[in-house]
Every structure is written in structure tokens, then in C-alpha cells.
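All remarks here apply to the structure that follows.
The values are calculated or read from the model by the stated rules, or taken from the named source; none is laboratory data. As the structure is a computational prediction, the values presented were derived from the model and not from experiment. Because the Cβ atoms are built from the backbone with ideal geometry, glycine has one as well, and the counts that use them run over all protein chains shown.
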Amino acid sequence: MDPAAPRRRTQVERRAESEDALLDAAAALVAERGIEGASLARIGQRAGASRGLTTHHFGSKDGLVARLARRAQNQIDDAAWAAVERGGRHVEDLPGLDLVRATVDTYLKRFEDPSSNDRALIVMWGATFPAEASVEGMLEADTRSREGWAGLIEQGQRDGSIRTDLDPRTGAILLQGLVRGVAATFLTDAHLTEKGQARQACQAWITSALAPPRDEPTIPARPPRSVHR
């Protein structure tokens, strides 16, 4: 065998590459036209594949929305943790409040110059607003998002960086609403010049809202849970 010949891709690798191409096409179409304008046929056409292949990978449009939302959320998670590491700190060593602040700041910074994946996440969220909307995949993503935020709040309460009189589920609703609302505002007005100041104001609000009174005890931190927005 020629040692210089390229390695043949495995079936798993080919499937992953095919799925990524379909998700890229779906994100671009959702970002451009909304969920209604991103049919399975159009997604397949944009990706250079058939509608049948799109259905084979995701089962239905709702399954595709769920997978697309999960990928966008995971990318935000990864970006937040990478930003922490670039700052010379380790995620497992950070208190919960600092992780909340880092995640919120990374999330909003992405929407200063959003990718198709970022924009598609907010567009899919907006598609759940009509009373008769049926976007189960995005509703599942919202639930997962709140669970992630609640997990960080609980971690902060254990390590003493977040006040203990805050119900984690209530705090999760507030954090989700904060980042989604500000991100949507960034998207609707591309000419805003105060985006950096808005991010700084969010950091100040989070600290004032979540930090405990000075006399609350501190408990050793535990490893962080993944956050999904």
C-alpha cells in the first residue's frame, strides 16, 4: 500500500461530515428566511444533497431544529470555556458566579458579529412565540438551556459565590431572558454602537443580582455542569 495515500474516511466520519453540511445549510436558511422558509428540500438543495438524506439524518423538520439548536448551544458553551482558559484560568477552579458572568459575556459577544448558527438560534426561539406554533425541538432546547443556567446557579450557591435565597429555576428564567433579549436587540439593529457598554452593564447587573451578602459562608466549589443557552 502506498504510505502517501490519504486515509479513507470511516462510515462514522462520512456521516458526521454529511450531518454537519446539512446543519450548516439549515442554519444559513433559517437565518435568512426563518423556519418556515427552510424546508427539508431547500436544506438538502443548499447542502448539495437530497431531501431524502436530510430526512434520513434528522427524521423530521422538528428533529432538525432540535439538533441545530443543540449544536448552537454547544458552540456557545465551548466558546465560553475557551475564553476562560485563554484568560489563564481553569473552568473547574472558577466559582459559579464567575462562570455565569463568563458565559453571558461570551454569548453576547458572539451576537456583536453573529454567525448563521448564532442568528438561527434566536430566529428559532422567535418561532415559538405564536400561540399556535409547534416547534417542539426549540422548546426542548429552551428547557435544556434553563436547566444549564440553574445548574450554574446551584454550583454558585454551593461554593458561596451566589446568594442562597434565589431559587435556581427562577434565576435561570431571568438569565435566559437577559441573554436572549439582548441578543435579539443586537440582531434587530446592526448599527447599535453601544453593544460593548450593554455587555458591561449586564455583567454589573449579574453581580448585583446574584452575589450574596458579605456574611454568607463560602463552601468549596464542585466541577461545573455544561450550560446550554
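Going by what's in this entry, would Leu187 be described as surrounded by fewer than 19 Cβ atoms within 10 Å (Cβ to Cβ), modelled with pLDDT under 95 and aliphatic (A, V, I, L, M)? Break it down into steps so the answer makes sense when it comes.
Details: surrounded by fewer than 19 Cβ atoms within 10 Å (Cβ to Cβ): yes; modelled with pLDDT under 95: yes; aliphatic (A, V, I, L, M): yes.
Yes: the conditions hold for Leu187.
Determine whether Glu132 is at pLDDT below 85, in contact with an Asp or Glu (Cβ under 7 Å, 6 or more places away or on another chain) and not assigned by TED's automatic domain parsing to the domain that holds Ala28. Please lay out each step first, then the result.
On the way: at pLDDT below 85: yes; in contact with an Asp or Glu (Cβ under 7 Å, 6 or more places away or on another chain): no; not assigned by TED's automatic domain parsing to the domain that holds Ala28: yes.
Considered against the rule, which asks whether it is at pLDDT below 85, in contact with an Asp or Glu (Cβ under 7 Å, 6 or more places away or on another chain) and not assigned by TED's automatic domain parsing to the domain that holds Ala28, Glu132 comes out as no.
If you check Ala26, Ala69, Ala83 for being assigned to a helix (DSSP H, G or I), more than 22 Å from Asp142 (Cα to Cα) and modelled with pLDDT of 85 or more, only one passes: Ala83.
Quick one: would you say Glu36 is modelled with pLDDT of 90 or more, within 15 Å of Met124 (Cα to Cα) and within 23 Å of the chain's Cα centre (by Cα)? Full working, then the answer.
Numbers: modelled with pLDDT of 90 or more: no; within 15 Å of Met124 (Cα to Cα): yes; within 23 Å of the chain's Cα centre (by Cα): yes.
Judged against the criteria, Glu36 is not a match.
Give the stretch 99-123 a look and list any residue that's surrounded by fewer than 21 Cβ atoms within 10 Å (Cβ to Cβ) and not in a helix (DSSP H, G or I), or say none. Glu112, Asp113, Pro114, Ser115 - these are the residues of the stretch 99-123 that are surrounded by fewer than 21 Cβ atoms within 10 Å (Cβ to Cβ) and not in a helix (DSSP H, G or I).
At least 1 residues that are more than 20 Å from the chain's Cα centre (by Cα) in each: list the helices (runs of 4 or more DSSP H) lying fully within the stretch 131-222 that qualify. Don't jump to the end; show me each part of the working.
On the way: elements: 136-159, 168-188, 195-210.
Ranges flagged: 136-159, 195-210.
Scanning the stretch 125-151 for residues that are touching a residue at least 60 places away in the same chain (Cβ under 8 Å) and buried (at least 21 other Cβ atoms within 10 Å of the Cβ) returns Val135, Gly137, Met138, Ala141, Ser145, Gly148, Trp149.
Looking at the stretch 29-46 only, could you name the residues that are part of a helix (DSSP H, G or I) and either under 12 Å from Asn117 (Cα atoms) or aliphatic (A, V, I, L, M) (or both)? Write out each step before concluding.
Looking only at the stretch 29-46, we keep the residues that are part of a helix (DSSP H, G or I), and these are 29-33, 40-46.
Listed by number, the residues that qualify are Leu29, Val30, Ala31, Glu32, Leu40, Ala41, Ile43.
Going residue by residue through the stretch 204-216, is there one that turns out to be modelled with pLDDT under 90, more than 30 Å from Ala28 (Cα to Cα) and in contact with a Ser or Thr (Cβ under 9 Å, 6 or more places away or on another chain)? Yes: the stretch 204-216 contains one or more residues that are modelled with pLDDT under 90, more than 30 Å from Ala28 (Cα to Cα) and in contact with a Ser or Thr (Cβ under 9 Å, 6 or more places away or on another chain). Within the stretch 124-161, the set of residues being in contact with a Gly (Cβ under 6 Å, 6 or more places away or on another chain) and either among the hydrophobic types (A, V, I, L, M, F, W, C) or closer than 21 Å to Arg33 by Cβ (or both) comprises Leu152, Ile153. The sole residue among Arg89, Arg70 that is free of Cβ contacts under 8 Å to residues at least 40 places away in the same chain and surrounded by fewer than 19 Cβ atoms within 10 Å (Cβ to Cβ) is Arg89.
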